[in-house]
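What follows is a set of notes on a single structure, which appears directly below.
The values are calculated or read from the model by the stated rules, or taken from the named source; none is laboratory data. Everything numeric in this text was worked out from a predicted model, so none of it was measured. Glycine gets a Cβ as well: all are built from the backbone with ideal geometry, and neighbour counts include every protein chain shown.
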Amino acid sequence: MSTTLKNNAKSSAHFYELENGIYIINIQNDNEDSAHIKRNLSADYIQFHFCLKGAIKFNFNQGQYGLNIEEDKSLLLYNPQRELPINIDINPKSWGVSILFSIKKLHGLFSAEANYIDFLTEDNRDKKYYTEGQLSPAMAVVLTQLLNFNLHPSIKNIYLKGKVYELIGLYFNRPEEVDIEQCPFLDDEDNVKKIKLAKEIIIHRMIEPPKLKDLAEEVGLSLKKLKEGFKEIYGDTAYSFLLNYKLEYARKLLEDGQHNVNEVGLAIGYSTASHFITAFKKKFGTTPKKYVGNLM
């Protein structure tokens, strides 16, 4: 496989190979402009695409026709008769996750229950297949956890693999009677949207974020529910999540090469360079200056 990914301070596409036959592409385009991803992919892969925010367009036949996937929607693609290279336009302010699963690997997971999934049956295994769907609240939680995590590198792979398996399980287990949240707090889609809104608010006001009590009032939740829900979805407290977001944003600004250390620190809300340097070193194990030097 080969890949072309465009990145800047507000746009990124991270590719993870979890094991042979399982890959993830995490997409976050916070720019005002569209972004683009191209990736070659063999015909023996099934593609699961999920849009958490905004909209994403999938182009086929060198862009001769396209298929849009809107916010909170999913798209499954499989064509064993020809390659379906990934050719994606990401709208401004859009987030998505793509899971690439070899059909052999997927069939191995469901071999005992293959007849439960239409395109895994013997009659359909050589036929092309695509379907659009709606994200359930449970799927939205897992997708958000795939996009936003703060983990030691030694456990990142096993964490992501576990989340991918959980997501695939939820994808194929969506009858209405079992489509409920595991967490009692996240019992409806409205609560999930409020937590997502709270995250958007602290990101957009990261230089002077609101107090948690004010944030809870703004999104229409109690302080207790905001804390519990944020921890459940993002695996961290609101301010710990924001700190990690700010430092990742700072890292991308440094990689962009258009700002010095003082400017980057100010851009994420640090009034003194020394405090920014200390926080950056704690997260990344090196100073901003040394980090930039290692890029050259």
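The table for this structure:
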item: Tabulated pairs, the stretch 194-219, first outside the structural domain of Leu147 (by TED's automatic domain parsing) and touching a residue at least 12 places away in the same chain (Cβ under 8 Å), second among the basic types (Lys, Arg) and outside any helix (DSSP H, G or I), C-beta under 9 angstrom, 6+ apart or interchain; result: Lys196/Lys53
item: Filter pass, Ile86 being of a type in the set (A, V, I, L, M) and either surrounded by fewer than 16 Cβ atoms within 10 Å (Cβ to Cβ) or at pLDDT 85 or above (or both); result: no
item: Tyr23 part of a strand (DSSP E or B) and either at pLDDT below 80 or surrounded by fewer than 17 Cβ atoms within 10 Å (Cβ to Cβ) (or both); result: no
item: Given (1) closer than 21 Å to Val141 by Cα; (2) surrounded by fewer than 19 Cβ atoms within 10 Å (Cβ to Cβ); (3) touching a Leu at 6+ places or on another chain (Cβ under 6 Å), index of the condition Val219 fails; result: (2)
item: Residue in the stretch 260-281 that is under 24 Å from Pro210 (Cβ atoms), buried (at least 18 other Cβ atoms within 10 Å of the Cβ) and of a type in the set (Val, Ile, Thr) present; result: yes
item: Candidates Tyr234, Tyr171, filtered to the one that is modelled with pLDDT under 85, under 28 Å from Leu100 (Cβ atoms), of a type outside the set (A, V, I, L, M) and surrounded by 18 or more Cβ atoms within 10 Å (Cβ to Cβ); result: Tyr234
item: Residue selected from the stretch 183-199 under the condition modelled with pLDDT under 85 and crowded, with 20+ Cβ neighbours inside 10 Å, by the criterion farthest from Lys224 (Cα to Cα); result: Val192
item: Out of His275, His259, sole residue that is at pLDDT 90 or above and over 19 Å from Leu151 (Cβ atoms); result: His275
item: Residue that is farthest from Lys213 (Cα to Cα), among those in the stretch 228-247 that are of a type in the set (Gly, Ala, Ser) and in contact (Cβ under 8 Å) with a residue 60 or more places away in the chain; result: Gly235
